């Protein structure tokens, strides 16, 4: 069994790298959105032409990014969505809803302080975690039956 | 043509009532989540038994609410999601993602200040509005070809 | 909002009648399998001709019953599955799996003693109940926002 | 033609190993749930943190196991479900219902004594067997046209 | 429960009328193909213009008839397919395959002499009958739990 | 049998009214896009605010119109697409492709001169017509078995 | 582009071998049912135990064969169905209907004498052929743009 | 991540070759229709026999071409549709609608002069481009996060 895992959400820490490192040796294929914040914001106008209006600037970019995001989520067996400590992160919650509607196995990662605000997202998940290490332990168990410790 | 419209998101203002009033005479069937905040938070434990742990308290409630939310979104032709000025509102973004994945016509409502943070959600929408009146105008136009003014 | 609710599982107590009575006044349409145990066992051979082999006797009947069961589950918004205190009740668990795969909102009903054996079924449910009254309370809340008490 | 076969159900005998050995040389890819009973029961709390309440202990574990189970069933061409001689085995029947709703080719394995109780499950199957050897003969025939004996 | 039933296949006897009469009082909605053989053969050219080549004459007609046939099968809960004693009746078998692929409950009707030739069709059915009366008994039982006699 | 028919394409002649009149007495429910050309072009900016750039002016309008178009096509049993004598009419061909991918019964209407250019669209259709009267004859035949003349 | 092609229907001539030979060098993966008539008829009882009643003898076999047939059709891009000169061949028409409902590209092969009886099947096909060579020419053209001669 | 990209539309310039060359080194698999205009027009009659009537000549060819077109679009992650400066190009718009209904990521390419006529197609797209280089830049960014310049 090979698991295809899409890593959605927060892009300002090294959680993706930590998770991927912790899964070393497992039969997992990871995908993720573009995590270069500047490129992600400007990709639309950089390729398709400048816009005076910030709304359309963002609109063009969000649609180009959607090519990658949709592909990643639709191909995945498991979608991991991490909510960080800052920002609105509505795109993370949007991805979680998108994944849930497609019947993907959803793993959510967030700190305890966000528990109440994320209760609807957590309710759609098969696991609610706090750390990349926990996600890696889940993937290891799912693939090899081996538990930590 | 009858449009089934689900009204997701912010529950602390009268936008749903305003919208429904502004659609008077149109062939629209509206649905919405439970908007009684207290009942929505406590429905799980009130019916299924108390929990010591706040996580499971919320979990039970979120799942009971999901019965209504899923039914409302899955039956809808149009899903309107309003992001208010306060709170994280991750459930609103989750609903938007869920609706988008099901191919529903999505209308988003929010103030200009949230434009950048909501760009991925807006990019999946067929209309981005600021007021209930605009949504009513869209529904009137879609059903009767009549534009405002 | 009208909820279509399919009542699967145990057929030796009056739980369906109790639940339906407790939902008086709600906008719910109930369906259920044939609950006449004798008719259910013999419908195949009674209509399609006798079989010497008990396997085929049962096979014919199970397939005729499947016409009703599939229709009921596929049309439902909510599938309630009750596990009684006796018998194997594998058809109840089969219905629960069938409903889960179709993305139906699943409500499970069983006594505490079966909790461990039913953990996979419960994990797919939006509510785990013990009594028809709890299910009625859920349906009332989902449809009217009113909580018990 | 490569067949992907998921082996669901009873975990206390060597039927999976027997079946896999009997399919030696065939173009079959097998998957199965975690069959380490202890790990399967405790995986949720071992990774995600302890629970006082046995219900939530089991709930967390069942959801983590669902990541593997759903993936296995959804990827499979054929789902084999074995009912052993003991225990309730509601998860086996749940898997059978889940597989049936997805249109998977279902093969059931059980002793004659369970025939009546499993008639609804058997009615959804393309073959009802008693031994791993019979399942291996089916897979060999399906892939190579060769019958036993 | 209302059953929508599509009556496919043989058009030279009164089996549809017999079945509908025998279902008097039941909550069933019947649909069927055009059963006027001449109109069915010529509808394409009568409306869309004559063809010299018999193949295209038939082709135009078969496609116009497909508008009704597809609608009838896709809307149905139960598809009854009757194979008569004469003719190739490949369209009946085609409809049965079409219905099976859509997951419809399939009831087949034919005389014993065709049993071997129809084994693949019968294997996809939930009931194999010989007479309209048997089909009526099945529909009555499915809707009312009442068995004949 | 009630047929839901969506009338897509050319909006500068009275073909929709002619067709609907010719179907008088038939059990058909018609839907269509907004056929007020001016309103259709300006609906986006009239409701959602003006745009300097003609591309975004059109973009907003096309998305608002898509709410009606998608609903109409997705609800339809039959989609009729008429190609007129002038203009590019790419939206008509787009609707035809959309309908074909959803498995709708497609009826195309165009003059002989466009036959070669429309061959891919015609190849996906169940009928290729030249006049509203022919479409009405098809719908009458499909619903009542009656042929013209 | 690799085409997966399923070869359904008549099993008493060498048309499959002829077609496969004529496709030498093309990027095609062929699948087919078991074409050993005796094995196909007896596979059910040979593996699952004898039956006194010919109906159940056939039923068991047809279901075992369905494991291969369904897999082959569901995996295919193109389904070729050949109707020979003898026998009822209802399973061929059933496969054609099954493939059509799944949206597969259907190629039919039969002699001119069967044209009228197969008009509904032909109407669902993308090509109606008479010889394996024609099918090979289609596959060659589809994959390489090269036409015969 | 490997992107499967289908290149639909205009066949009289070298845009496909330009695009593929500009994507050198990227993990992209390209497919396209047959772009030999003569072969594409005549494939039906060349293989399946001549027709006197131009409509059926074209019909046979369009259906044979549909085998490749459907396969290409259905397998694709991204569908690029280019509208050239001449011809009706209704097949291009048909492909765009087909792709949109399947939820494919759609990229449209056309000159500014066609902007108004293509507004419904553009509204369904994730990017509207003018040159193959822009499409290559999008694919490069989606796969590698690298922007031009």
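Within the stretch D:110-121, the set of residues being surrounded by fewer than 23 Cβ atoms within 10 Å (Cβ to Cβ) and either on the phi > 0 side of the Ramachandran plot or within 7 Å of chain C (Cβ to nearest Cβ) (or both) comprises D:115, D:116, D:117. Residues in the stretch A:47-63 that are farther than 21 Å from residue A:11 by Cα and assigned to a helix (DSSP H, G or I): A:47, A:48, A:54, A:55, A:56.
If you go through the stretch A:98-109 and pick out every residue that is crowded, with 18+ Cβ neighbours inside 10 Å and farther than 18 Å from residue B:89 by Cβ, you end up with 7.
Which residues, counting only those in the stretch E:41-58, are surrounded by fewer than 21 Cβ atoms within 10 Å (Cβ to Cβ) and either touching a residue at least 40 places away in the same chain (Cβ under 8 Å) or out of contact with any strand residue (DSSP E or B) (no Cβ under 9 Å at 6 or more places or on another chain) (or both)? Passing the criteria: E:41, E:42, E:45, E:46, E:49, E:50, E:51, E:52, E:53, E:54, E:56, E:57. Only one entry of C:99, C:136 meets the criterion of being within 12 Å of the chain's Cα centre (by Cα), part of a helix (DSSP H, G or I) and either more than 8 Å from chain D (Cβ to nearest Cβ) or under 25 Å from residue D:60 (Cβ atoms) (or both), and that entry is C:99.
Just give me the residues in the stretch H:122-133 being away from chain F (no Cβ under 14 Å) and either modelled with pLDDT under 95 or surrounded by 19 or more Cβ atoms within 10 Å (Cβ to Cβ) (or both), in sequence order. Selection gives H:132 alone. Looking at F:79, F:108, which one is within 19 Å of residue H:96 (Cβ to Cβ) and touching a residue at least 60 places away in the same chain (Cβ under 8 Å)? The conditions single out F:79. For the stretch A:87-96, filtered to residues that are in a loop (DSSP other than H, G, I, E, B) and either facing another protein chain (nearest Cβ under 7 Å) or more than 13 Å from the chain's Cα centre (by Cα) (or both), the residue that is surrounded by the most Cβ atoms within 10 Å (Cβ to Cβ) is A:88.
When the stretch H:1-15 is filtered for residues that are touching a residue at least 40 places away in the same chain (Cβ under 8 Å) and either surrounded by 14 or more Cβ atoms within 10 Å (Cβ to Cβ) or touching a helix residue (DSSP H, G or I) at 6+ places or on another chain (Cβ under 6 Å) (or both), the ones remaining, listed by number, are H:1, H:3, H:4, H:5, H:6, H:7, H:8, H:9, H:10, H:15.
When the stretch A:66-77 is filtered for residues that are part of a helix (DSSP H, G or I) and either more than 7 Å from chain B (Cβ to nearest Cβ) or out of contact with any helix residue (DSSP H, G or I) (no Cβ under 8 Å at 6 or more places or on another chain) (or both), the ones remaining, listed by number, are A:67, A:68, A:69, A:70, A:71, A:72, A:73, A:74, A:75. Identify all residues within the stretch G:102-127 that are in a loop (DSSP other than H, G, I, E, B) and more than 15 Å from residue H:71 (Cβ to Cβ); write none if there are none. Correct list: G:110, G:111, G:115, G:116, G:117, G:118, G:124, G:125. The one condition from (1) on the phi < 0 side of the Ramachandran plot; (2) more than 10 Å from chain B (Cβ to nearest Cβ) that residue A:49 does not meet is (1). Please find, within the stretch B:18-31, the residue that is nearest to the chain's Cα centre (by Cα) out of those that are over 10 Å from residue B:135 (Cα atoms), in contact (Cβ under 8 Å) with a residue 12 or more places away in the chain and not in a strand (DSSP E or B). Checked the stretch B:18-31; the qualifying residue nearest to the chain's Cα centre (by Cα) is B:18.
Within the stretch A:9-27, the set of residues being in contact with a strand residue (DSSP E or B) (Cβ under 9 Å, 6 or more places away or on another chain) and more than 14 Å from chain H (Cβ to nearest Cβ) comprises A:9, A:10, A:13, A:15, A:19, A:20, A:23, A:26, A:27.
Count of the stretch C:139-149 residues, restricted to those that are in a helix (DSSP H, G or I) and at the interface with another protein chain (Cβ under 7 Å from one of its Cβ atoms), is 2.
Among the conditions (1) touching a strand residue (DSSP E or B) at 6+ places or on another chain (Cβ under 9 Å); (2) over 30 Å from residue E:140 (Cβ atoms), the only one that residue E:6 does not satisfy is (2). Evaluated against (1) free of Cβ contacts under 8 Å to residues at least 12 places away in the same chain; (2) assigned to a loop (DSSP other than H, G, I, E, B); (3) within 13 Å of chain B (Cβ to nearest Cβ), residue A:34 falls short on exactly one condition, (1). Looking at this structure, is residue C:64 touching a residue at least 40 places away in the same chain (Cβ under 8 Å), buried (at least 19 other Cβ atoms within 10 Å of the Cβ) and in contact with a strand residue (DSSP E or B) (Cβ under 9 Å, 6 or more places away or on another chain)? No: the conditions fail for residue C:64.
The values are calculated or read from the model by the stated rules, or taken from the named source; none is laboratory data. Because the structure is predicted, anything quoted here is derived from the model rather than measured. Virtual Cβ from ideal backbone geometry, glycine too; neighbours counted across all protein chains shown.
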